[in-house]
Number of protein chains: 2
Amino acid sequence: MQYMACMGDHPAIDEHVHSFQTSPDRYRHWKLRLDGEVARLSMDVQEEEGLRKDYQLKLNSYDLGVDVELADAVLRLRFEHPEVRAVVITSLKDRIFCAGANIFMLGTSSHPFKVNFCKFTNETRLGIEDASQHSGMKFVAALNGTASGGGYELALACDEILLIDDGSSAVSLPEVPLLGVLPGTGGLTRVVDKRKVRRDLADFFSTVAEGVKGRRAVEWRLVDQAVPKSKFEQVVSDRAKALAARSDRPKGERGMPLLPVEPSIDGPSFTYRFLRMKLNPQLRTAELWLKGPDAAAPASPAQLLEQGSDAWVVRAFRELDDALLRLRMNHLDTGTVVLRTEGDPARVLEHDRFVASHREHWLVREVLALQKRVLKRLDLTSKTLFAFVEPGSCFAGSLLELVLAADRSYMLDDPKRPTAVQLGPLNDGLLPMSNGLSRLQTRLLAEPQRVKEIVSRQGPFGPEEALAAGLCTFTPDDLDWDDELRIALEERASLSPDALTGMENNLRFAGPETLETKIFGRLSAWQNWIFQRPNAVGERGALTLYGQAGQRPHFDVRRT
Amino acid sequence: MQYMACMGDHPAIDEHVHSFQTSPDRYRHWKLRLDGEVARLSMDVQEEEGLRKDYQLKLNSYDLGVDVELADAVLRLRFEHPEVRAVVITSLKDRIFCAGANIFMLGTSSHPFKVNFCKFTNETRLGIEDASQHSGMKFVAALNGTASGGGYELALACDEILLIDDGSSAVSLPEVPLLGVLPGTGGLTRVVDKRKVRRDLADFFSTVAEGVKGRRAVEWRLVDQAVPKSKFEQVVSDRAKALAARSDRPKGERGMPLLPVEPSIDGPSFTYRFLRMKLNPQLRTAELWLKGPDAAAPASPAQLLEQGSDAWVVRAFRELDDALLRLRMNHLDTGTVVLRTEGDPARVLEHDRFVASHREHWLVREVLALQKRVLKRLDLTSKTLFAFVEPGSCFAGSLLELVLAADRSYMLDDPKRPTAVQLGPLNDGLLPMSNGLSRLQTRLLAEPQRVKEIVSRQGPFGPEEALAAGLCTFTPDDLDWDDELRIALEERASLSPDALTGMENNLRFAGPETLETKIFGRLSAWQNWIFQRPNAVGERGALTLYGQAGQRPHFDVRRT
């Protein structure tokens, strides 16, 4: 049988995102209302204010711009509002909570954009769960109307889901029946793994476009309560207060305002305070230099608060986060990220010790959680990661995680220009990967006892010691250094970008699986596959034809 | 940016496989030599004897026909040769162990065929690991020459890997650098998760086409020993004997010869002894009727041996296995499999009790492991599974697993024509899924205590009880039955086959992840994705151009 598939008759757009920085006064799609220990985050998407002008964000459907605001809001609640113990996520639209990702935006976006868009929305949802689990900030999804697709997936990320029982409002995952794709933001996994909905009920639920409402939604565990309209606001408020009562967030503390971390951009060069990045289109690389701290660590959490969000422990990681998002969304053809550091390793370790020893303090807890999330974002970036350990670098402690996150690392072995890497208190499990293990544990899966030896050893590891300990991959000498690095980068650039993405995704996360690795490893991979099958995006694919009256999709019926 | 991808300029073939039944006297590509407690399975692929004639199986490369023989050999060693405690897998070719799946076969096969081919080879490798773990039959990969791609993946499935140290023989996974695809048979997962190779070394290894040999291969944990040519045979023999010494397989027992289970085929109807199958091209369904036992259970393992492989506990499951393979490979456009049974549930439970109570006996252990593997094959079949529970059915015990494996089940609720399902001793963990849980545990993930209640309850569950216990999905009454089933099948047939495959893969395996679920869930999904990307299979994709001198692949460099 001949298999023919031609895509591309409709426009496919790689969106360029100008900034990932925002703040509540600039939100277009969300209203953040603070009221003591309960915050209310209300979705009110402006139809005409999408990132692009060729679609309208009807029915509280979202594009990346909407989600950037949500991510910002959750981050700010954590840092700026320690008094907030519960967050109600709801909508200001009548009878509709959220219709999910905008279909016309998806239908006209390129495959890489769709994949990166879904990755970002997944990270935002996992950020909500992280705040619940690690910051004592609980989330109530107050579904004042129908939550479909990504709208229901947003609710699934919350601790409790309350659905208005008005005879029509439902929760649904209509992607399979309407669009021929999978729910893009962890929906299937959270339904069976987090909410533990029975798999046959989940099957039915995921194939009926209109979804499930009322009592059946409760019985099937899809929502926690179905609440009559007359009592809805009261029950939402009661549940938020009940969740808030179980929070360990502090009272009477001041928050830390987060200043923007916008880079200055000059052609291929991006300059932040602690980070420089330079794109090299020939090799399709992005070279990153992350600077270590230029001042002493704060003496206390109070002093950190004083220093504000420009303190190295916060700012350096927020800048790395911003750079990674830019690389992912705006520089699709960058294939390899070269990770470099510069500074005093002792200073890095001093800052790490501050974070480790005060990690029970609410603000330092947020700092540590931020660093953890940024490093996870690095692990989950579909670019090759190479770390180059050179003289003057400061790959110690939290910055050593960059070496451990890298697909490969090269460390100069030249007695005249010594190099070193060093462990600190954050390398022993305080900055876990998505699989729940430290990067060192994941790396040394075969020898768990050596992890203990290595973390308990004091002082720096020179090239030979680092090689023996398994902390770096190769240690070329002075003569070979330039050639070996050049060849490694050139070779990488010659390989299939798709094959590299798949390979790296499978090699990076050995060991246990978690909800997170299931979502990014299993679910996302299936979704990527489906997202570019002719049955979804071909000329007569379901996603392509969505919304075109009278047009029915045509499917290649062969099951694979 | 416009994204254009046209595939299909080269032939893409859905192979039709005439039979999955074979036996050693008919092997074309393997030699099975028995020598007491050690068997030797030697690969000697006949270049001209591929399933199709448009490629040659050079360098011990394989196609599905080669793998069907391997699967048969492993199965027969388990049933027919209880004395075999260790198996040496090697090659009769000089300086080459196995070059992996044949690239020209892959390059000209359709996407569905490639995916199903890889699934079968994965199941065969997992069968080897299952025999090692559960039957005390240990495997030594004796790499007398280079093992590349699927050749090395075959070795990875063995308990020990011995590589000849002759200055040139290597192990390699050249798929990424040479073909722009991923190793298709669990290679990446087994490298980092089973052999626990460090991820940065695995990265390097998986990107160098020539692979790694000798001492470095040992140091990197890619193989267990590199053995000089002069000592190779001796060390292989010693290791096989050492592994055999640790086996708990019996001595002095007679095996059970496995007779073929070929169906008679009449148009859309397939008739086996205990199984009927009928294809319905309109609804794209396959209806299966599995018959319960028509005789009493064996009184003892000796009597089972007497009855031979036609005994229900063996034959019924082998027939189901054969039917599933036919559906997967030869009936790609079948979207839904309807599972039905007919017979006496008490008889099924009687047979189950026999299996459960004698499961320590070597032969009954094999029977149980066979049933388990066949049911796993069902879970992993990319077709919708609906179970219909009707009067006269015998969904009890091991056959109840069909209901629990189904994506949905429908049970007639008609007092005049009663229906029932019933649990037995095999439902409580003896037939685990790939995730290590029983199907009942997976189904009731939210309520583990109810699993205990349900398995300890004696007697049949009528429709209402089954519904309450979560054992079936819907219980239409007599009036609705025909319509509801018809609508369910029609609706299913209207959905995107790809979206269904992805959805079912994500909903079926809630709970823990294992090497197996990682391979089928994570790795296979990435591989499916890559296998149909233009970078691999487009006109100028790496897989398409492989072997065409002077042609270099052209890549869309955008990273996704």
Report summary line: When the range B:365-396 is checked residue by residue, the ones that are closer than 20 Å to B:HIS134 by Cβ and among the small types (Gly, Ala, Ser) are B:ALA369
Report task. Looking only at the range B:43-67, count how many residues are polar (S, T, N, Q) and in a loop (DSSP other than H, G, I, E, B). Result -> 2
**Report entry** Residue check for B:THR271: under 29 Å from B:ARG408 (Cβ atoms) and either buried (at least 21 other Cβ atoms within 10 Å of the Cβ) or in contact (Cβ under 8 Å) with a residue 40 or more places away in the chain (or both)
**Finding:** no
**Report entry** Residue satisfying condition, being more than 14 Å from chain B (Cβ to nearest Cβ) and in contact with a Leu (Cβ under 6 Å, 6 or more places away or on another chain), within set A:PRO263, A:PRO257, A:PRO268, A:PRO293
**Finding:** A:PRO268
Query raised in the report: Among the residues of the range A:320-330, how many are at the interface with another protein chain (Cβ under 9 Å from one of its Cβ atoms) and more than 17 Å from A:LYS376 (Cα to Cα)?
Result: 0
Requested in this report: Check A:VAL208, A:VAL192 and return the single one that is in contact with a Lys or Arg (Cβ under 9 Å, 6 or more places away or on another chain), at pLDDT 95 or above and among the β-branched types (Val, Ile, Thr).
Outcome: A:VAL192
**Report entry** Subset of the range A:454-465 (residues that are part of a helix (DSSP H, G or I), modelled with pLDDT of 95 or more and closer than 21 Å to A:LEU430 by Cβ)
**Finding:** A:ILE454
Report task. Answer yes if at least one residue in the range A:27-35 is over 21 Å from A:CYS98 (Cβ atoms) and modelled with pLDDT under 95, and no otherwise. Result -> yes
Query raised in the report: Within the range B:274-317, how many residues turn out to be without any contact (Cβ under 8 Å) to a residue 40 or more places away in the chain and within 30 Å of B:SER382 (Cβ to Cβ)?
Result: 5
Query raised in the report: Looking only at residues in the range A:447-468 that are surrounded by fewer than 18 Cβ atoms within 10 Å (Cβ to Cβ) and of a type in the set (Gly, Ala, Ser), which one is nearest to A:PRO391 (Cα to Cα)?
Result: A:GLY462
Report summary line: Residue count, the range A:313-349, condition basic (Lys, Arg) and out of contact with any Lys or Arg (no Cβ under 8 Å at 6 or more places or on another chain), comes to 4
Query - Flag if B:ARG284 is in contact with a Ser or Thr (Cβ under 6 Å, 6 or more places away or on another chain), basic (Lys, Arg) and either loosely packed, with under 13 Cβ neighbours inside 10 Å or within 13 Å of chain A (Cβ to nearest Cβ) (or both) - result: yes
Query raised in the report: Could you say which residue among B:ALA469, B:ALA387 is under 22 Å from B:ASP352 (Cβ atoms), among the hydrophobic types (A, V, I, L, M, F, W, C) and more than 28 Å from the chain's Cα centre (by Cα)?
Result: B:ALA469
Report summary line: Note on the range A:435-451: residues assigned to a loop (DSSP other than H, G, I, E, B), within 11 Å of another protein chain (Cβ to nearest Cβ) and closer than 19 Å to A:GLN371 by Cα are A:ASN435
Report task. Name the residue, out of B:ARG85, B:ARG125, that is over 16 Å from the mean Cα position of the chain (by Cα) and either surrounded by 21 or more Cβ atoms within 10 Å (Cβ to Cβ) or free of Cβ contacts under 8 Å to residues at least 12 places away in the same chain (or both). Result -> B:ARG85
Query raised in the report: Quick one: would you say A:PHE113 is aromatic (Phe, Trp, Tyr) and modelled with pLDDT of 95 or more?
Result: no
Report summary line: The correct count of residues that are more than 19 Å from the chain's Cα centre (by Cα) and either small (Gly, Ala, Ser) or closer than 30 Å to A:PRO112 by Cβ (or both) in the range A:337-359 is 8
**Report entry** Cβ pairs under 9 Å, 6+ apart, first in the range B:161-185 and more than 14 Å from chain A (Cβ to nearest Cβ), second acidic (Asp, Glu) and surrounded by 21 or more Cβ atoms within 10 Å (Cβ to Cβ)
**Finding:** none
Query raised in the report: If you scan the range A:201-224, which residues turn out to be surrounded by fewer than 21 Cβ atoms within 10 Å (Cβ to Cβ), at the interface with chain B (Cβ under 10 Å from one of its Cβ atoms) and more than 18 Å from A:ASP165 (Cα to Cα)?
Result: A:PHE204, A:VAL208
Query raised in the report: Can you tell me how many residues in the range A:167-196 are crowded, with 24+ Cβ neighbours inside 10 Å, over 24 Å from the mean Cα position of the chain (by Cα) and assigned to a loop (DSSP other than H, G, I, E, B)?
Result: 1
Report summary line: Taking the range A:399-427 and keeping only residues that are assigned to a strand (DSSP E or B), away from chain B (no Cβ under 13 Å) and either closer than 14 Å to A:LEU467 by Cβ or out of contact with any strand residue (DSSP E or B) (no Cβ under 7 Å at 6 or more places or on another chain) (or both), one is left with A:ASP413, A:VAL421
Query raised in the report: When only residues in the range A:323-369 that are assigned to a loop (DSSP other than H, G, I, E, B) and in contact with a Gly (Cβ under 6 Å, 6 or more places away or on another chain) count, which is surrounded by the most Cβ atoms within 10 Å (Cβ to Cβ)?
Result: A:GLY343
Query raised in the report: So is B:LEU320 without any contact (Cβ under 8 Å) to a residue 60 or more places away in the chain, buried (at least 21 other Cβ atoms within 10 Å of the Cβ) and in a helix (DSSP H, G or I) or not?
Result: yes
Query raised in the report: Is there a residue in the range B:504-520 that is at pLDDT 95 or above and closer than 30 Å to A:SER496 by Cα?
Result: yes
Query raised in the report: For the range B:247-293, how many residues meet the condition of being more than 22 Å from B:VAL367 (Cα to Cα), among the basic types (Lys, Arg) and not in a strand (DSSP E or B)?
Result: 1
Report summary line: Residues of the range B:381-399 being hydrophobic (A, V, I, L, M, F, W, C) and either over 15 Å from B:ASN427 (Cβ atoms) or free of Cβ contacts under 8 Å to residues at least 40 places away in the same chain (or both), in sequence order, are B:LEU385, B:PHE386, B:PHE388, B:VAL389
Report summary line: Matching residues in the range A:337-352 (of a type in the set (A, V, I, L, M, F, W, C) and more than 19 Å from A:MET277 (Cβ to Cβ)) number 3
Report task. Taking B:VAL374 as the residue in question, decide whether it is in a strand (DSSP E or B), under 22 Å from the mean Cα position of the chain (by Cα) and away from chain A (no Cβ under 14 Å). Result -> no
Query raised in the report: Looking at this structure, is B:PHE139 under 27 Å from the mean Cα position of the chain (by Cα) and either surrounded by fewer than 19 Cβ atoms within 10 Å (Cβ to Cβ) or part of a strand (DSSP E or B) (or both)?
Result: yes
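The values are calculated or read from the model by the stated rules, or taken from the named source; none is laboratory data. Please read these numbers as outputs of a predicted model, since none were measured by experiment. Cβ atoms come from the backbone with ideal geometry, glycine included; neighbour counts cover every protein chain shown.
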